[in-house]
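Data first, discussion second: the structure below is written as structure tokens.
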Amino acid sequence: MSALWGIGQYSGADRERVAWEVGGDEINRAIGAAPAALAAIGVERGERVLFTSMLSEAAHFWPLIVGTMLAGAQLSCADATAGEAVRVRMFSELIDYRCALGVTTEILDGLDELGTGYADVFGPIPVVAARPGAYERLEARGMAPQLFALVGPAVAIATEPGGPAWVDADEWELGLDEEWVTVTNRRDRATRFDRTRTSVRAEVIDGHGILPARS
């Protein structure tokens with residue numbers, strides 16, 4: 001096993017916070033794969049990405065952040081909280097982004113508190129990659145977001161509006177436990193996942209994609 005990179009945290013069954021050990025090899029693999037995953041949503045040299053995430057999600061987002069830099073793109077970061085909605089609004093007014101990645105319900109709640117329309121902030125951004133909950137709220141306002149989800153320790157990103165969000169098929173296999181998505185690691189990792197239940201409720205596509213569950 002490689003040296004420990006750090007401790008990640010994900011939302012598991014019943015939405016409890018679960019800590020997991022993250023190895024250096026797996027982070028390096030994720031960094032190496034990130035530029036191609038970002039290119040699939042149009043993030044290339046000279047483009048700009050707005051990340052909304054939390055420090056506890058560093059194991060998910062760090063490879064994407066480094067991958068953005070490796071691609072020659074630029075980035076801005078905001079916390080994924082209601083209080084940071086004012087920062088997200090400010091960024092969108094000042095900077096032309098290719099992608100807003102990781103938009104949360106908390107960010108949308110903050111925009112509601114500010115009296116700012118979602119389209120005013122995210123309408124000019126070609127790719128709005130939103131998490132479950134935020135995704136549906138943006139759709140309900142007539143927007144065309146792309147699904148982004150933290151599926152336990154895995155990251156799923158859709159490449160088109162309305163399409164499935166995909167995890168790295170070389171790294172992860174997705175399944176279902178009743179209506180909840182499970183995750184199994186395909187390659188060696190510091191922490192083993194074997195049909196581990198996550199807090200994501202979705203339809204599983206081809207073992208490595210998800211679509212929001214419609215009830």
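A compact table of results
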{"item": "Residues of region 30-47 satisfying the condition of being touching a residue at least 12 places away in the same chain (Cβ under 8 Å), touching a helix residue (DSSP H, G or I) at 6+ places or on another chain (Cβ under 9 Å) and surrounded by fewer than 19 Cβ atoms within 10 Å (Cβ to Cβ)", "result": "31, 33, 44"}
{"item": "Considering residues of region 1-28 that are part of a helix (DSSP H, G or I) and surrounded by 19 or more Cβ atoms within 10 Å (Cβ to Cβ) only, the residue nearest to the chain's Cα centre (by Cα)", "result": "27"}
{"item": "Residues that are more than 17 Å from residue 37 (Cβ to Cβ), assigned to a strand (DSSP E or B) and at pLDDT 95 or above, drawn from region 204-215", "result": "204, 211"}
{"item": "Residue match in region 106-113 (condition: more than 19 Å from the chain's Cα centre (by Cα) and over 23 Å from residue 48 (Cβ atoms))", "result": "yes"}
{"item": "Residue that is at pLDDT 95 or above and touching a helix residue (DSSP H, G or I) at 6+ places or on another chain (Cβ under 9 Å), where the choices are 171, 139", "result": "171"}
{"item": "Residues (surrounded by fewer than 17 Cβ atoms within 10 Å (Cβ to Cβ) and acidic (Asp, Glu)) located in region 156-184", "result": "160, 170, 177, 178, 179"}
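Conditions tested, residue by residue: (1) crowded, with 19+ Cβ neighbours inside 10 Å; (2) of a type in the set (D, E, K, R); (3) free of Cβ contacts under 8 Å to residues at least 60 places away in the same chain.
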site	(1), (2), (3)
58	no, no, yes
62	yes, no, yes
74	no, no, yes
79	no, yes, yes
95	no, no, yes
105	no, no, yes
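Residue-wise test of (1) charged (D, E, K, R); (2) within 28 Å of residue 17 (Cβ to Cβ); (3) in contact with a Pro (Cβ under 6 Å, 6 or more places away or on another chain).
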{"residue": "111", "(1), (2), (3)": "no, yes, no"}
{"residue": "116", "(1), (2), (3)": "no, no, no"}
{"residue": "135", "(1), (2), (3)": "no, yes, yes"}
{"residue": "141", "(1), (2), (3)": "yes, no, no"}
{"residue": "150", "(1), (2), (3)": "no, yes, no"}
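The values are calculated or read from the model by the stated rules, or taken from the named source; none is laboratory data. Keep in mind the model is a prediction, meaning the values are calculated, not measured. Using ideal geometry, Cβ is built from the backbone for each residue, glycine included, and neighbour counts are taken over all protein chains shown.
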